[in-house]
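The values are calculated or read from the model by the stated rules, or taken from the named source; none is laboratory data. Remember, predicted model here, so these are calculated numbers, not experimental data. Cβ placement follows ideal geometry from the backbone for every residue including glycine, while neighbour counts extend to all protein chains displayed. Accessible surface areas use protein heavy atoms only, side chains included; no ligands, DNA or RNA. Shrake-Rupley method; radii C 1.70, N 1.55, O 1.52, S 1.80 Å.
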Amino acid sequence: MCTAATYQTSDFYFGRTLDYESSYGEEIVILPRKYKLPFLHMGVSEQHYAIIGTAHIANGYPLFYDAVNEKGLCMAGLNFVGNACYAARTADDSDNVAQYEFIPWILSQCADTAEARAFIQRLNLLDTPFHAQMPAAQLHWIIADKNQTITVESMADGIHVYENPVGVLTNNPPFPEQMFRLNDYMHLSPKQPQNHFAKELPLRSYSRGMGALGLPGDLSSQSRFVRAAFVRANSVSGNSETESVSQFFHILGAVDQQRGCCEVKDGQYEITIYTSCCNADKGIYYYTTYNNHQISAVHMHHENLDSSQLVCCPMQTKEQICHQN
């Protein structure tokens, strides 16, 4: 599945892992301000905010997995199978938006999370697929800027918007349940534990890291949520770009999936296909891939953002090793 997170130092950072058994040929895509962005029921947007993110290009249309706009608003969709539910028909007095249009609908128009919340209040999210061979993905979303993070879930009883104080999202169960389960781990600490078991017993720590004894290490979405939330909450780094980006990749490295550990079909394994980290303030999109641990970067502002043509950068997927002698 997937994990998304935020991180704040001198700048604001946002990223995710994409965990799946196969790639769909995703690329780093810059959608400039004058790209004609069509919506099924909401017309064509000919002037909007520029966006950078990872997308699969289908018939010239960017199907974004995660993205950031030029104002620093960030958004990612993560699997929410079995719980996601969308409207089957359009509704009067609503913004009728197909599920695959949700990320560009928000990021093309909203400058911050507060504006996104206002847009969501009048949203009717449709189950219309992009193509007959591409059924609507069952997702929920994390939306964030440097001031606020929210989770959006479209379920059978409607669209829910939750404050997200931990700055993390994975998959199932629904977000309130994930948050509640953090109560089970309130005893975890980066500090060494004290003996609260029995004062008369000479108990002591015999290893570093025992304050986090009980932190779940499996690959389930609930366990990844707890682990990512703990690591993010206790992360310490310098404020420079290099230190911040490096630390962000270490945070998401805590939930990395290795080939062979999560079998989804006979001989097919879920892996972390890519990990992203975007400096939302500067519009720099960093990423690594399963077979290339070197951090690559695409700069939004190095391109002509007043263009009308997509800019696509294929992901670097071959390992690059620095031989020192």
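Using DSSP to call loops (not H, G, I, E or B), can you name the trypsin sites (Lys or Arg not before Pro) in the stretch 89-178 whose Cβ has at most 14 other Cβ atoms within 10 angstrom?
Values: sites: ARG89, ARG117, ARG122, LYS146; in loops: ARG89, ARG122, LYS146.
Filter output for the stretch 89-178: ARG89, ARG122.
Taking all Cα pairs closer than 8 Å and separated by 6 or more residues, the relative contact order of the chain comes to 25 percent. Angle check, please: helix 241-253 long axis (alpha carbons) against the longest principal axis of the chain (alpha carbons), in degrees 0 to 90, nearest 10. Long axis of 241-253 versus the principal axis of the chain: about 80 degrees. Amide H contacts of PHE80: GLN138, LEU139, HIS140, each under 5 Å away and 5 or more positions distant or on a separate chain (H built 1.01 Å from N in the peptide plane; Pro and chain starts excluded).
By the scheme Lys and Arg +1, Asp and Glu -1, what is the net charge of all other residues having a beta-carbon under 13 Å from that of ASP281? Here the count lands on -2.
Think of a 1.4 Å ball rolled over the protein heavy atoms: the chain then has 49 Å² of accessible area per residue. The 3J(HN,Hα) values that the Karplus relation (6.51, -1.76, 1.60; θ = phi - 60°) gives for the stretch 197-204 are, in residue order, 6, 6, 4, 7, 9, x, 7, 8 Hz. Gly and Pro appear as x.
Quantify, in whole percent, the carbon and sulfur part of the accessible surface of the stretch 79-194 (1.4 Å probe; protein heavy atoms only). Present the calculation step by step, with values, prior to reporting the outcome.
Working: 2750 of 5510 Å².
Carbon-and-sulfur percentage of accessible area, whole number: 50.
Residue by residue, the stretch 283-289 carries 3J(HN,Hα) couplings of x, 10, 9, 9, 7, 10, 10 Hz when phi is fed to the Karplus relation 6.51 cos²θ - 1.76 cosθ + 1.60 (θ = phi - 60°); x denotes Gly or Pro. In a GNM of the chain with a 10 Å cut-off on Cα contacts, which of VAL68, VAL81, VAL166 has the highest mean-square fluctuation? Looking only at VAL68, VAL81, VAL166, the biggest GNM fluctuation is shown by VAL81.
Under 20 Å from a point 7 Å along the Cα-to-Cβ line of LYS191: which residues of the stretch 203-233 have their amide N that close? Under 20 Å, as judged by backbone N against the label point of LYS191, lie 203-215, 230-233 of the stretch 203-233.
Put a dot 7 Å past the Cα of ASP266, heading toward its Cβ, do the same for THR317, and the two dots end up 2.5 nm apart.
Of the trypsin sites (Lys or Arg not before Pro) found in the stretch 232-293, the ones in coil according to DSSP and having at most 16 other Cβ atoms within 10 Å of their Cβ are ARG259, LYS282. Taking amide H positions as modeled 1.01 Å from N, with prolines and chain starts lacking one, no residue 5 or more places away or on another chain lies under 5 Å from GLN316. Dividing the summed helix terms, -39500 (n - 2.57) for each DSSP H run of n ≥ 4, by the number of residues in the chain produces a 222 nm estimate of -4500 deg cm²/dmol to the nearest 500.
Assign unit charges at the C-beta atoms only (+1 for Lys and Arg, -1 for Asp and Glu), then state the dipole size of the chain relative to its Cα centre in Debye, rounded to the nearest 20. Present the calculation step by step, with values, prior to reporting the outcome.
Values: 21 positive and 33 negative charges, 158 e Å.
Using only the charged Cβ atoms, the result is roughly 760 debye.
Seen from LEU73, the other residues with C-beta closer than 11 Å to its C-beta sum to a net charge of -2, counting Lys and Arg as +1 and Asp and Glu as -1. Only protein heavy atoms count here; on that basis, with a 1.4 Å probe, MET42 has an accessible area of about 60 Å².
Could you work out the longest stretch of the chain that avoids the chymotrypsin sites (Phe, Trp or Tyr not before Pro) located in DSSP loops with at most 11 other Cβ atoms within 10 Å? It would help to have the intermediate numbers written out before the result.
On the way: sites that count: PHE197, TYR206.
For chymotrypsin sites (Phe, Trp or Tyr not before Pro) (loop position, at most 11 other Cβ atoms within 10 Å), the longest site-free span of the chain is 1-196.
What part of the accessible area of the stretch 217-325, given as a whole %, is carbon or sulfur when the probe is 1.4 angstrom? C and S atoms contribute 47 percent here.
In order along the stretch 48-60, phi translates into HN-Hα couplings of 7, 5, 6, 9, 10, x, 9, 8, 9, 8, 10, 6, x Hz, rounded to whole numbers, per the Karplus curve 6.51 cos²θ - 1.76 cosθ + 1.60 with θ = phi - 60° and x for Gly and Pro.
Applying both filters, DSSP loop and at most 12 other Cβ atoms within 10 Å, to the trypsin sites (Lys or Arg not before Pro) of the stretch 157-213 gives LYS191, LYS199, ARG204, ARG208. Considering only GLN294, GLN133, GLN192, the mean-square fluctuation computed in a Gaussian network model of the chain, springs between alpha carbons under 10 angstrom, is largest for GLN133.
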